[in-house]
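The values are calculated or read from the model by the stated rules, or taken from the named source; none is laboratory data. What you see is a predicted model, and the numbers here were worked out from it, not measured in a lab. For neighbour counting, all protein chains shown are included, and Cβ atoms are generated from backbone atoms with ideal geometry for every residue, glycine included.
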């Protein structure tokens, strides 16, 4: 048996069970196939993005998002990524990362302006987009 045939299943077992969702860079509505979660991205102004997220869980819907004035973004440089089951990550195209998250108690919205460690938790694909370089591989946790 070839070593690759033994190593590949072990490597695949180490990969997180949720697949990476694509970066959203266009206005419109996207529905995540597995959960039905909907992400609406609207152009409020040339430099303002409206984000509305409807999380779907066990047949129930709950919605959160930006205010009607949207969030300031750099035109053509912003990106959004859904991380199942309950996170929406938004990069403003300048230097700020936002996280909208469905929790057991409701919703949580934070930005890297108030929580700089958010950059350490961001999806690798979004980090790569913000820097143009692959995200660093995190060191294994020591227990």
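Of all residues in segment 97-132, those being over 13 Å from the mean Cα position of the chain (by Cα) and crowded, with 17+ Cβ neighbours inside 10 Å number 1.
Got at least one residue in segment 94-116 being in contact (Cβ under 8 Å) with a residue 40 or more places away in the chain and part of a loop (DSSP other than H, G, I, E, B)? There is no residue in segment 94-116 that is in contact (Cβ under 8 Å) with a residue 40 or more places away in the chain and part of a loop (DSSP other than H, G, I, E, B).
Here are some residues: 74, 43. Which one is closer than 22 Å to residue 94 by Cα, at pLDDT 85 or above and in a strand (DSSP E or B)?
On the way: 74 fails: in a strand (DSSP E or B).
When all the criteria are applied, what remains is 43.
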